[in-house]
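Notes follow once the structure below has been shown.
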Amino acid sequence: MFFYSIDDEDSITEGYILNEISKSHEKNAIVLSFDSDYEDEQLLNLLKERFNVTEAPTVIIDDKIKFEGLTYT
């Protein structure tokens, strides 16, 4: 899961990185992207609470590993 913020340079860069990862590992990687600033979706708020997402970009892998801020491969 990828939590981003619109117009945030680190989020934009992280999005490109994750796009390349998903292309090179098509059968093993699926990226679900969420605008972390979108307040009108209850499910998004529940996910942010569940994974303690407090900044963008944040990447969650397999519900276990959390990377906050810009993370390279």
query: Of 41, 49, 14, which is the most mobile in a GNM of the chain whose springs link Cα atoms less than 10 angstrom apart?
result: 41
field: Cα-based helix-to-principal-axis angle, 9-24 vs the chain, degrees rounded to 10
entry: 50
The chain, relative contact order in percent, only Cα pairs under 8 angstrom and at least six apart counted: 42
task: Have a look at the chain and give its Rg and Dmax from the Cα atoms, expressed in angstrom.
output: 11.7, 33
Proximal aspartates and glutamates relative to residue 23, as straight alpha-carbon distance under 16 Å, when same-chain residues fewer than 8 apart are discounted: 14
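Each reported figure results from applying straightforward, stated rules to the coordinates on display, with no laboratory input. A quick note: this is a predicted structure, and the numbers were derived from the prediction, not measured.
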